[in-house]
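What follows draws every value from the coordinates through simple rules; no lab data is involved. Because the structure is a prediction, the values reported are computed rather than measured. Note: ideal-geometry Cβ built from the backbone for every residue, glycine included; neighbour counts use all protein chains shown.
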Amino acid sequence: MPATLEVVCTDDDCTLDMFELHYTYEMPDETTVADFACPYCGTTEALEAIDL
């Protein structure tokens, strides 16, 4: 099963609660939340991974 990553945007001006990234098997192992941007506000610095 490909990995998933739950992410929250902590930017106070962003109204996005959380989202989930579904990886393919080709995603490099060293991929982290820092490689993505918020799909709502576009920031990269305010993203944090959620451990559910």
| query | Between I50 and M27, what is the label-to-label distance in nm when each label sits 7 Å out along the Cα-to-Cβ direction? | reply | 1.5
| remark: In whole Hz, the Karplus estimates of ³J(HN,Hα) for region 31-48 (6.51, -1.76, 1.60; θ = phi - 60°; x where Gly or Pro) are 5, 10, 4, 5, 7, 10, 10, 4, x, 9, 9, x, 6, 10, 6, 8, 7, 9
| query | Roughly how many debye, to the nearest 20, is the charge dipole of region 4-50 about its Cα centre, given +1 on each Lys and Arg Cβ, -1 on each Asp and Glu Cβ, and no other charges? | reply | 100
| field | Using θ = phi - 60° and Karplus 6.51 cos²θ - 1.76 cosθ + 1.60, couplings along region 6-17 (whole Hz; Gly, Pro as x) | value | 8, 9, 10, 9, 9, 5, 4, 8, 9, 9, 6, 6
| C41 versus D13: modelled label distance in nm, points set 7 Å from Cα along the beta carbon direction | 0.8
| said: Can you tell me, using C-alpha contacts under 8 Å and at least 6 residues apart, the relative contact order of the chain as a whole percent? | reply: 44
| request: Please work out the ratio of the alpha-carbon Rg of the chain to 2.2 N^0.38 Å and round it to two decimals. | output: 1.13
